[in-house]
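J.: Structure in C-alpha cells, see below.
The values are calculated or read from the model by the stated rules, or taken from the named source; none is laboratory data. Keep in mind it's a predicted model, so treat the numbers as computed, not measured. Quick reminder, even Gly has a Cβ in these numbers, built from the backbone with ideal geometry, and neighbours come from all protein chains shown. The area values use the complete protein model at the heavy-atom level, side chains included, leaving out ligands, DNA and RNA. Shrake-Rupley method; radii C 1.70, N 1.55, O 1.52, S 1.80 Å.
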Amino acid sequence: MFLTFCTWIENSPFGWAIRDSKWLFPAIESVHLVALAIIAGTVLIVDISLLGWGLRRQDPSQVAADARPWMVGSLVVMLLSGFALFSSEATKCYGNPAFWFKMTFLATAILYTFTLRSAVVRPKARAWGPVWRKAAAIVSMTLWTGVGIGGRAIGFY
Ligand code: HEM
C-alpha cells in the first residue's frame, strides 16, 4: 500500500520536477536545514530553561509561550520541505532503515511535544516538580536528536 504511494508520488510531475532539476533538491534541502535550525533552537531554549541551565529570569512556561509560534511555524516548514524531498526519492526512502528510524522518532517527538511536554510547561504547572521538569527536557532533547540523526543518515544508505 505505502510502496504503491511511494511509486506514484516519485513518478508524479512533482516528484519528477524535483529529481530532474539540478538546483531544486539542494534548494529545498537548504530550506529544510534552515527550518531545522529554528526548530532546534525553539526546542532547546525551553529544555535548557526546564533544566535550569539558563534563562532563569523567566519561567519556563513564559519561554515556551514565546517560542511556540516559531516552533509550530518551523515544524510546518520541516514537514512540507521534508515531504518534497521525500517525493523525489520516495522508493529509496521506503527501503531505507534510516528513514523509518527518523519517521518513528519524528512521530514520537511531535506527539510528546504537544502532550506531556506541553503539560509540563503549562503556566502554574507546579504539579511537575524539578525532577520531572528535568526528565521532560532530557526526553525532548533525546527525541529531536534522534530525528536529526535519522535525517542525516538517510543520505548515507
Ligand atoms: C522536524 C522534522 C524534521 C527534522 C528535524 C528533519 C531533519 C533532517 C536532517 C538533519 C536532514 C539531513 C540534511 C542534510 O544532510 O543535509 C534531513 C534530510 C531529509 N529529510 Fe528531514 N527532517 C524532518 C522532517 C522530515 C519529513 C517529515 C520528511 C518526509 C516526509 C523528511 C524527509 C527528508 C529527506 C528525504 C531528506 C534528504 C535525505 C537525503 O539526503 O537524501 N524530513 N532531514
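J.: Given the structure, is ASN96 at pLDDT 95 or above and within 15 Å of the ligand (Cβ to nearest atom)?
T.: Considered against the rule, which asks whether it is at pLDDT 95 or above and within 15 Å of the ligand (Cβ to nearest atom), ASN96 comes out as yes.
J.: Kindly indicate whether any position in the range 91-110 is assigned to a helix (DSSP H, G or I), crowded, with 20+ Cβ neighbours inside 10 Å and of a type in the set (Lys, Arg).
T.: Yes, the range 91-110 contains at least one residue that is assigned to a helix (DSSP H, G or I), crowded, with 20+ Cβ neighbours inside 10 Å and of a type in the set (Lys, Arg).
J.: Sticking with this one: Being surrounded by fewer than 17 Cβ atoms within 10 Å (Cβ to Cβ) and either farther than 20 Å from ARG152 by Cβ or in contact with a Pro (Cβ under 7 Å, 6 or more places away or on another chain) (or both) narrows it down to one of LEU50, LEU24, so name that one.
T.: None of the others qualify; the one that does is LEU24.
J.: Could you figure out which of (1) assigned to a helix (DSSP H, G or I); (2) of a type outside the set (Lys, Arg); (3) surrounded by fewer than 17 Cβ atoms within 10 Å (Cβ to Cβ) isn't true of GLY150?
T.: (3)
J.: OK, next. Here are ARG133, ARG126: which of them is modelled with pLDDT under 95 and either on the phi > 0 side of the Ramachandran plot or surrounded by 13 or more Cβ atoms within 10 Å (Cβ to Cβ) (or both)?
T.: Only one candidate qualifies: ARG133.
J.: Output the residues belonging to the range 22-58 that are of a type in the set (S, T, N, Q) and away from the ligand (no atom under 15 Å from the Cβ).
T.: SER49, GLN58
Residues checked against (1) open to solvent by 30 Å² or more (accessible area, probe 1.4 Å); (2) charged (D, E, K, R); (3) more than 16 Å from the ligand (Cβ to nearest atom):
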position	(1), (2), (3)
PRO60	no, no, yes
ALA65	yes, no, yes
VAL76	yes, no, no
ARG117	no, yes, no
ALA137	no, no, yes
MET141	yes, no, no
TRP144	yes, no, no
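J.: Return a yes/no flag: does the range 125-140 have any residue that is closer than 21 Å to ALA64 by Cα, outside any helix (DSSP H, G or I) and touching a helix residue (DSSP H, G or I) at 6+ places or on another chain (Cβ under 7 Å).
T.: For the range 125-140, residues closer than 21 Å to ALA64 by Cα, outside any helix (DSSP H, G or I) and touching a helix residue (DSSP H, G or I) at 6+ places or on another chain (Cβ under 7 Å): present.
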